[in-house]
Amino acid sequence: MDPASGTLTALCGGTVLTIDDAFDQVDGPVVVQDSVITQVGGRVPDGATVIDVSGCLVLPGFVQTQVHLCQTLFRGAADDLALLAWLRQRVWPMEAAHDDPSLRVSAELAAHELLRTGTTSVLTMETVHGTEVVLEALVRTGLRATVGKCLMDSDALAPARLKQAVTPAMDDALALFRGWHGAGGGRIRVALAPRFAVACSRALLEAVADVSAREGLLVHTHASEQREEIEVVRALVGMSNLAYLADTGLATSRLCAAHCVWVDQAEQALLAERDVKVMHCPGSNLKLGSGLAPVVELRARGVTVSLGADGAACNNRLDMFEEMRLAAILQAVRLGPGALPAREVVWMATRAGALTLGLEASIGQIAPGFKADLIAVDVSGPHLAPAFDPYSTLVYASRGTDVHLTMVDGVVRVHQGVHEGLDGAALAAEARAQGRRLLSRAGL
């Protein structure tokens with residue numbers, strides 16, 4: 001359903017949640033020409049191809065800002081471990097065992113689940129090798145993605161294949177930037193992705209900071225996720241995780257820091273002062289036993305906090321509806337019901353994600369001139385009735401399987417709940433076969 005150049009497409013019959021600054025709702029069509037929204041509300045233009053989304057809420061596609069597509073094939077193979085043991089005993093051996101076929105199916109499996117459940121954009125950290133394979137898969141599947149090759153050089157317990165010296169690592173990262181940034185009609189961008197302070201030398205982090213400043217590239221990393229990790233960083237460098245990132249020159253508005261579960265008042269102030277973006281992953285934080293992030297306090301300081309499922313190795317799902325529900329409920333546990341209202345959680349899943357990626361002028365809301373990254377969520381089912389409030393319905397009652405339509409860049413990728421470019425059954429069968437081979441190569 002990729003319209004020819006100049007063809008108009010109109011999504012009709014739904015209630016439009018624009019997620020603009022006023023949270024306006026519109027009963028009327030969303031009109032798309034090529035990859036861009038041209039009209040919200042009013043009458044359907046003559047000659048437009050109409051897609052019926054009656055009974056649906058139409059909203060911007062979800063923006064997940066912390067995922068690892070390469071880890072999708074690890075689902076169910078790394079359970080019941082805390083962070084550092086999870087990495088060293090399971091995830092790193094499996095990442096080192098990846099080959100091109102397993103990376104391709106892992107990325108396609110992730111893209112299928114993400115698009116099927118309403119995510120249209122991701123920020124993803126891949127493994128140290130084979131990132132080109134993931135990029136090729138993303139171009140084919142239609143997902144909008146900012147992708148970083150993992151950079152790590154110093155953890156003594158990491159497999160040799162996952163450690164790369166500073167100069168060749170940065171050369172490879174820059175080659176990806178020059179070869180892939182802007183691919184897929186502009187859907188694909190490249191970031192720098194130092195894994196975390198435990199696995200990166202100071203020389204590597206400083207090189208990343210220099211290249212980020214020179215090229216204007218986002219930096220995607222993990223920080224202050226778990227107490228043991230923080231203790232390791234302090235033992236290595238004599239300061240807190242975020243203070244160390246600041247000391248290396250990384251704490252700028254281009255830094256995207258996943259988790260930030262254990263951040264004290266001074267670190268929260270640093271995040272706000274430097275405009276560092278925080279990616280909250282409630283499902284992963286719970287499953288790894290890492291803790292409950294101070295999301296409300298960070299947002300009160302003006303920190304941009306977005307959402308991500310993290311990865312299938314530590315969450316087992318890539319469904320943004322699950323993350324939205326957990327984000328709201330966990331802050332209710334911490335600070336009382338209503339601490340993080342449903343409407344604000346939808347903002348985090350859309351507008352905050354766009355801000356994190358530096359794409360706030362093109363995605364994250366429904367308005368003329370914005371990219372046509374749209375989803376339609378069917379709220380007519382009995383498990384959602386009576387659906388008085390759309391934001392409550394989305395956050396507390398909806399499921400990923402309620403997504404009726406997903407459009408990225410004006411192209412319908414999922415329609416009536418079916419992915420139009422990927423055969424889910426065939427992909428699952430290939431994933432099972434590749435997964436068995438991967439575990440064997442990893443010695444697990």
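The values are calculated or read from the model by the stated rules, or taken from the named source; none is laboratory data. Just so you know, these numbers come straight off a predicted model, no measurement behind them. Note that each Cβ is placed from the backbone with ideal geometry, even for glycine, and that neighbours are counted across all protein chains shown.
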Please list, ordered by first then second residue, the pairs with beta carbon atoms under 8 Å, 6 or more apart or interchain, first in the range 215-239 and more than 19 Å from A258 (Cα to Cα), second small (G, A, S). L236/A197; V237/A197
Within the range 152-192, residues being of a type in the set (V, I, T), under 18 Å from the mean Cα position of the chain (by Cα) and surrounded by fewer than 22 Cβ atoms within 10 Å (Cβ to Cβ) number 1
So Q331 fits all but one of (1) outside the structural domain of L69 (by TED's automatic domain parsing); (2) buried (at least 21 other Cβ atoms within 10 Å of the Cβ); what number is the exception? (1)
Only one of these is touching a strand residue (DSSP E or B) at 6+ places or on another chain (Cβ under 6 Å), among the acidic types (D, E) and assigned by TED's automatic domain parsing to the domain that holds P194: E206, E229, E215, E225. Name it. E225
Filter the range 398-444 down to residues that are closer than 24 Å to D20 by Cα and surrounded by fewer than 17 Cβ atoms within 10 Å (Cβ to Cβ), then give me how many there are. 1
Residues located in the range 398-425, provided they are more than 20 Å from N316 (Cα to Cα) and free of Cβ contacts under 8 Å to residues at least 60 places away in the same chain: Q416, V418, D423
Can you pull out every residue in the range 4-57 that is touching a Pro at 6+ places or on another chain (Cβ under 9 Å), closer than 21 Å to G400 by Cα and among the β-branched types (V, I, T)? T15, V16, T18, I19
Considering only the range 330-372, how many residues are free of Cβ contacts under 8 Å to residues at least 40 places away in the same chain and out of contact with any Lys or Arg (no Cβ under 9 Å at 6 or more places or on another chain)? 7
Any residue that is surrounded by 17 or more Cβ atoms within 10 Å (Cβ to Cβ), among the basic types (K, R) and either within 25 Å of W86 (Cβ to Cβ) or in contact with a helix residue (DSSP H, G or I) (Cβ under 6 Å, 6 or more places away or on another chain) (or both) - is there at least one of those in the range 141-151? yes
Going by the structure shown, is A243 outside any strand (DSSP E or B) and among the small types (G, A, S)? yes
Residue within the range 201-220 that is in a loop (DSSP other than H, G, I, E, B) and of a type in the set (D, E) present: no
Unique residue being touching a helix residue (DSSP H, G or I) at 6+ places or on another chain (Cβ under 9 Å), surrounded by 17 or more Cβ atoms within 10 Å (Cβ to Cβ) and at pLDDT 95 or above when the list is W86, W92: W92
Out of everything in the range 409-444 that is within 30 Å of R343 (Cβ to Cβ) and part of a loop (DSSP other than H, G, I, E, B), what residue ends up being nearest to the chain's Cα centre (by Cα)? D409
Are any of the residues in the range 275-285 surrounded by fewer than 20 Cβ atoms within 10 Å (Cβ to Cβ) and touching a Ser or Thr at 6+ places or on another chain (Cβ under 7 Å)? yes
Given (1) part of a loop (DSSP other than H, G, I, E, B); (2) at negative phi; (3) touching a helix residue (DSSP H, G or I) at 6+ places or on another chain (Cβ under 7 Å), G364 misses just (2)
Only one residue in L157, L151, L204 is within 27 Å of S121 (Cβ to Cβ) and among the hydrophobic types (A, V, I, L, M, F, W, C). Which one? L151
Selection status of V91, within 16 Å of D310 (Cβ to Cβ), of a type in the set (A, V, I, L, M) and in the same structural domain as V208 (by TED's automatic domain parsing): yes
Quick one: which residue in T406, T401, T393 is of a type in the set (S, T, N, Q) and outside any helix (DSSP H, G or I)? T406
